[in-house]
Amino acid sequence: MNRIAEIRKKIDAYWDTLLSSGRDDVRIMEICGTHTVSISRSGLRATFPKGLKLISGPGCPVCVTGQSYVDKAVYLARQPDVIIATYGDMVRVPGATGSLEAVRGEGGKVEVVYSAHQAVDLARRCEDKQVVFLAIGFETTAPATALAIQKADREGVENFSALLSHKLVIPAMRALLNDKDIRIDGFLCPGHVSVITGWRVYEPIVNEFARPCVVAGFDDEQILKGICEILRQLAEQSPAACCVYPAVSETGNLHAQEVIHETFDVIDTYWRGIGIIPASGLGLKERFSRFDADKRFNLPVFEEHDPPGCRCGEVISGKCIPPECPLFGTICTPREPIGPCMVSSEGSCAAYYKYDRH
Amino acid sequence: MCLAIPAKIESLDQHIATVDLAGAKVRADTTLTPEAKVGDWVLVHAGYTITILDEKDVRETFAVLREMDELQKR
């Protein structure tokens, strides 16, 4: 028997145990967008027992970023002396007055970078321009922003700034568990966030809410192992924080945690679909505040809003699945996306559209 | 966005590594894994190495690399 078949056999056995204890409905949330894509691509959902539901959580950085942030980025991109430097996923997200891609079409400067330090290098090359880096993402990506800010500070690159919207995963998990409209029986925890944080950070969630929190990697076997472990814990009524992904240690990457701590303060921040979550975001410490694009530019106030009819907010928080949105696959498609979950390659709607439409 | 790719460090110039990323040579900053050395497997995310991997774990955990191994055996 191959390794996958062995894991599946165990999953079936734990499922039988759960059924015999009267439990025929288990909802596991995968928090990471990369997990969502892997699960959809592999077709795993269709192979699970009826009643075992995998629901996507707020794990796609572009999707959880508020619309007002997109509108600010688009506003800045339209300023003649500004160059926007961004990860590719943000470029096509529609804002109230268009997307960054549209601004680029109008002659605005929007450069795609794969690393934050490239934005600092760009600023050094373009001294007569202001380079604004769109700093979004979770714990995995925040250290790169922190190092870019420190580099700009050290090297005196004063025409660089960052528009910040970094977010922390654990406060969002806690917010979802406190929401009475959502039922989550266990979490498949994000592999690469956990490389930074370590897997023991989930222990307080387990202690407070008694839900399994299992960190897994991204191929089929890793995802099945993670789900198998969650079902074992549920069947044996022994929720715990643990990890099946060898890349993740108990305590994570201490260097990365240190650069985050040196550079950022933990602040309240807005999540699309959830609202403001206390202590769930990262803002620049006072000594780096001159690199904060929000402070450097005299930005108008932008309101949070969602595209009319778009249910991205509910998709992100596990309240509905993409095909339940009336726009899904009809007027909202990857070619002409309405909401961010259809834009980002890690968005649930894009993953369902590509792999799970039927 | 939290995608990270396993790669092997081929050379190191202070904190800038050249890694072999499935055949492509890519630069990665090792500031977050200062103990990384030539020959180590690392996970690369957004231009930075974020952890050092055990070679056996790499082959066990990443389907892409397993498949490449199998192709090479043919």
Next item on the list: Answer with yes or no whether A:GLY88 is more than 14 Å from chain B (Cβ to nearest Cβ), open to solvent by 10 Å² or more (accessible area, probe 1.4 Å) and either under 29 Å from A:PRO307 (Cα atoms) or within 24 Å of the chain's Cα centre (by Cα) (or both).
Entry: no
Notebook entry, point to check: Taking the stretch A:56-86 as the region of interest, how many residues are modelled with pLDDT of 95 or more, in contact with a Lys or Arg (Cβ under 8 Å, 6 or more places away or on another chain) and among the small types (Gly, Ala, Ser)?
Noted result: 1
Next item on the list: Please give the number of the condition A:MET342 fails out of (1) part of a loop (DSSP other than H, G, I, E, B); (2) out of contact with any Lys or Arg (no Cβ under 9 Å at 6 or more places or on another chain); (3) not assigned by TED's automatic domain parsing to the domain that holds A:ARG92.
Entry: (1)
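Of the residues A:ALA279, A:ALA247, which single one is in contact with a strand residue (DSSP E or B) (Cβ under 6 Å, 6 or more places away or on another chain), outside any helix (DSSP H, G or I), surrounded by fewer than 17 Cβ atoms within 10 Å (Cβ to Cβ) and of a type in the set (Gly, Ala, Ser)?
On the way: A:ALA247 fails: surrounded by fewer than 17 Cβ atoms within 10 Å (Cβ to Cβ).
After ruling out the rest, the residue left standing is A:ALA279.
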Check: Any residue in the stretch A:203-224 that is among the basic types (Lys, Arg) and within 14 Å of chain B (Cβ to nearest Cβ)?
Finding: no
Item checked: So A:PHE302, is it touching a Leu at 6+ places or on another chain (Cβ under 9 Å), in contact (Cβ under 8 Å) with a residue 12 or more places away in the chain and assigned by TED's automatic domain parsing to the domain that holds A:GLY66 -> no
Item checked: Lone qualifier among A:VAL215, A:VAL132, A:VAL169 - being closer than 24 Å to A:GLY275 by Cβ, within 22 Å of the chain's Cα centre (by Cα), open to solvent by less than 20 Å² (accessible area, probe 1.4 Å) and not basic (Lys, Arg) -> A:VAL169
Check: Considering the stretch B:1-14 alone, what residues qualify as being assigned to a loop (DSSP other than H, G, I, E, B) and surrounded by 15 or more Cβ atoms within 10 Å (Cβ to Cβ)?
Finding: B:MET1, B:CYS2, B:LEU3, B:ALA4
Next item on the list: Just name the residue that is most open to solvent (accessible area, probe 1.4 Å) out of those in the stretch A:46-77 that are out of contact with any helix residue (DSSP H, G or I) (no Cβ under 6 Å at 6 or more places or on another chain) and in a loop (DSSP other than H, G, I, E, B).
Entry: A:LYS50
Notebook entry, point to check: Of A:SER99, A:SER20, A:SER40, which residue is away from every other protein chain (no Cβ under 14 Å) and crowded, with 22+ Cβ neighbours inside 10 Å?
Noted result: A:SER40
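The values are calculated or read from the model by the stated rules, or taken from the named source; none is laboratory data. These figures come from a predicted structure and were not determined experimentally. Here the Cβ is made from the backbone with ideal geometry for all residues, glycine too, and neighbour counts use every protein chain on show. Quick note on the areas: whole protein, heavy atoms, side chains included, nothing else; ligands and nucleic acids left out. Shrake-Rupley method; radii C 1.70, N 1.55, O 1.52, S 1.80 Å.
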